[in-house]
C-alpha cells in the first residue's frame, strides 16, 4: 500500500472517531419516571413480562417529551412522525409484582436525523440495576417517506438545548 493511501485511510478513521465521540458526548438532557409494577405486567412466575419493558421505555420517552418539548404531539404538530426502528433491552435482574422502580432516560445526541435514547431501570428499594436499553427513532414526513436530514423544528430544538 502506498503512503498516500495509508494517509487517506488514517484520515477516514480519524473522521469516524470524531463523529463517534461527538455522538457520545454527555448533554445532560435526562428525565426520570417512577413506576409500580402492576399485576397485568407480570407472567406466571410473578416477574415482569419482557414485553412490558417496551411500555416502560415508552413511558420514559413521554416523560422526556413533556420535560423538554419533544413529545409525539410536538413532532406531529411540526409535520412529522417519529417511529421506532430499533429497540434494545438488556436484563440484569428480575422485576417482580408490587415493586417500585425508576426509569432514567438520557438523550444521545447525534448529527443524524434520528432521536436516540438510552435507558436504565433501577429498583427503588435497593437501587440495583434491573435493565438497560436504547431506542432509535427516525423521522417520516406526512406521506410516510423517510427524512434523511434533521427537520427544521428538530434543528431549532437542538439549538435551544445547546446540542449544536
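Of the residues 56, 68, 119, which single one is under 30 Å from residue 142 (Cβ atoms), in contact (Cβ under 8 Å) with a residue 60 or more places away in the chain, crowded, with 18+ Cβ neighbours inside 10 Å and over 12 Å from the mean Cα position of the chain (by Cα)?
The conditions single out 56.
Here is a list: 159, 143. Which entry is part of a helix (DSSP H, G or I) and without any contact (Cβ under 8 Å) to a residue 12 or more places away in the chain?
Checking each option against the conditions leaves just 159.
Would you check which residues across segment 73-89 are over 14 Å from the mean Cα position of the chain (by Cα) and either closer than 20 Å to residue 30 by Cα or touching a residue at least 24 places away in the same chain (Cβ under 8 Å) (or both) and list them?
73, 74, 75, 78, 79, 80, 81
Read-outs throughout are calculated quantities, based only on the coordinates presented, and are distinct from any laboratory measurement. Only a predicted model underlies this, so the values are computations on that prediction, with no experimental measurement involved. Virtual Cβ from ideal backbone geometry, glycine too; neighbours counted across all protein chains shown.
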